[in-house]
1. In a GNM of the chain with a 10 Å cut-off on Cα contacts, which of LYS209, LYS186, LYS61 has the highest mean-square fluctuation?
2. First check a/c for the chain, with a ≥ b ≥ c the square roots of the eigenvalues of its C-alpha gyration tensor; if it is under 1.5, answer rounded, and if not, answer prolate when a/b is larger than b/c or oblate otherwise.
3. Sequence gap at least 6, Cα distance under 8 Å: using those rules, report the relative contact order of the chain to the nearest whole percent.
4. Between SER303 and GLU148, what length in nm is gained on full extension when 0.36 nm per residue of separation is reduced by their alpha carbon distance?
5. For the full complex of protein chains and a 1.4 angstrom probe, list THR162, THR174, THR69 by accessible area with the highest value first.
6. Per the 1.4 Å probe, what fraction of the accessible area of region 1-72, in percent, lies on carbon and sulfur atoms?
7. Would you mind working out the magnitude of the charge dipole of region 120-237 relative to its Cα centre, with +1 at each Lys and Arg C-beta and -1 at each Asp and Glu C-beta, to the nearest 20 Debye?
8. Subtracting the Cα-Cα distance from 0.36 nm times the residue separation, let me have the gained length for GLU267 to ASP139 in nm, one decimal.
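The values are calculated or read from the model by the stated rules, or taken from the named source; none is laboratory data. Here the structure is a predicted model, which is why all the values come from computation and not from measurement. Neighbour counts are summed over all protein chains in view; Cβ atoms, including those assigned to glycine, are modelled from backbone coordinates with ideal geometry. Remember, those area values only see protein heavy atoms, side chains included, never the ligands or the DNA or RNA. Shrake-Rupley method; radii C 1.70, N 1.55, O 1.52, S 1.80 Å.
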Amino acid sequence: MTDRQTTAFSDVTDERLRTLFDEESYVADGDVVTTVLLALRLGKPLLVEGEPGAGKTELAKVLAAGFDTELVRLQCYEGLTAESALYEWNYTKQLLAVQSGDDASVFAEEYLLERPLLRALRGGSPPPVLLIDEVDRADEEFEALLLEVLSDYQVSVPELGTIRAETPPIVVITSNRTRALSDALKRRCLFLHVSPPSFEKERAILARKVPELDGVVAAELCAMAERLREEPLRKPPGAAETIDWARAVATLRAEDDEPLTPEEVHETLGCLLKEVEDVERVDDSLLETLIEAAAEARVEVTS
């Protein structure tokens, strides 16, 4: 970031950020709060890595909601092109202008179609949150495209010149670590690794996200989710899946605080596990182990 660019969040305090997370029901550990705070104050992109469902994308949504600003999302995928990420020309409108005999240039603002990166750079005040989601799914060539954007918060449009952000957006880049990212990209970012939640943290998350579920039953769900993460699953459940599971149980149970039964667990596993091999792994023996873990959690939180 150069001298004439300023960050709109250089005066954000630790207390303000913690309050923001609290108001948006986002349970953030101390390292998350500190790293996000530094990214905001320094105007640096934040690279967030971790397992799917750990709350990486939710972090960007929470920041956008908490600062009452726009969330601009770029979902990455294999083959993502500069045209899809930066800008395109409205060829149909250009063609109509040429056919009508308009002598004005067809490479003007009125023919430019903004895509997420350009949209974020030309955002208003406060600047938007730019979420570059699952960057590891995109090709390495796309990372090179990001370097100019993340270094100087600018892009070059040959027909119009350089478009530069007066106030840089908040940039959150997420990665599921399906491939290694380049050192050049990492150097431009502050790094945050989001681990699967602990039992206590997951209980706190459910208390905020699914308050209608009895707290003791929520503890049972957290204990079983924690136990399942010890299994060699194809897709271990993240916090997002536990939230879905808790909402499903709350919907079926109303305000019932009775212990979960093996039948309830088995019939709702599709909310927690999203691979058929993982669901099939929960045989009678493992199911019994899960119920035992739930029973121990019940005793722990009620004693």
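1. Of LYS209, LYS186, LYS61, the Gaussian network model singles out LYS186 as fluctuating most.
2. Details: a/c = 2.55, a/b = 2.02, b/c = 1.26.
Prolate shape, in that a/c is at least 1.5 and a/b is the bigger ratio.
3. On the way: 471 pairs, mean separation 64.2, N = 303.
Worked out over the chain, it gives 21 percent.
4. Details: separation 155, 0.36 × 155 = 55.80 nm, distance 5.69 nm.
Extending this stretch completely gives an extra 50.1 nm.
5. Details: THR162 85, THR174 0, THR69 25 Å².
Heavy-atom accessible area, descending, gives THR162, THR69, THR174.
6. Values: 1470 of 3280 Å².
The nonpolar share, carbon plus sulfur, comes to 45 percent.
7. Working: 16 positive and 20 negative charges, 48 e Å.
Once rounded to the nearest 20, the dipole reads 220 debye.
8. Working: separation 128, 0.36 × 128 = 46.08 nm, distance 3.94 nm.
Full extension of this stretch gives 42.1 nm more.
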